[in-house]
Amino acid sequence: MTDEKRNNLNSNDSRKKESAPPLIRSTRKERGRQNKPVEETPPKKQFWVQIRILPIWLRVILVLLLLAGAAYLGALVGYSSIGDGDSSDVFKKETWIHIMDIINGKES
């Protein structure tokens, strides 16, 4: 760059600075007051209504039923396929008495 161009750029910058309006300092509260409209209307109240497809009590019952069904199927699959027993024997009282005896150490 030549010296003339540099001087031209510097003089243009100084002109811009001279023509800029002076900065006015204000607090946040004052700026907030300036931006507010003259008449304020109260905001409308909006009510949020959530409509549930299934009520909570029905959800609890469904979860309990699904839990019982999973336990039923787990016992059935575990006793018949993993334990090599008959699937109809899994819910007989004698089977569970025998299992509890083994757990408690009465039978080996």
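The values are calculated or read from the model by the stated rules, or taken from the named source; none is laboratory data. As the structure is a prediction and not an experimental result, all values here were calculated from the model. Every residue, glycine as well, gets a Cβ built from its backbone with ideal geometry; the counts of neighbours run over all protein chains shown.
When the residues of segment 30-66 are filtered to those that are over 34 Å from the mean Cα position of the chain (by Cα) and of a type in the set (D, E, K, R), which remaining residue is modelled with the lowest pLDDT?
To start, the set of residues in segment 30-66 that are over 34 Å from the mean Cα position of the chain (by Cα) comprises 30-41.
Now narrow it down to the ones that are of a type in the set (D, E, K, R): 30-31, 33, 36, 39-40.
Values: GLU30: 69, ARG31: 67, ARG33: 64, LYS36: 59, GLU39: 63, GLU40: 66.
Restricting to residues being over 34 Å from the mean Cα position of the chain (by Cα) and of a type in the set (D, E, K, R), the top hit is LYS36.
Among residues of segment 85-102 that are assigned to a loop (DSSP other than H, G, I, E, B), none has a beta-carbon under 7 Å from a residue that is β-branched (Val, Ile, Thr) at least six positions away or on a different chain.
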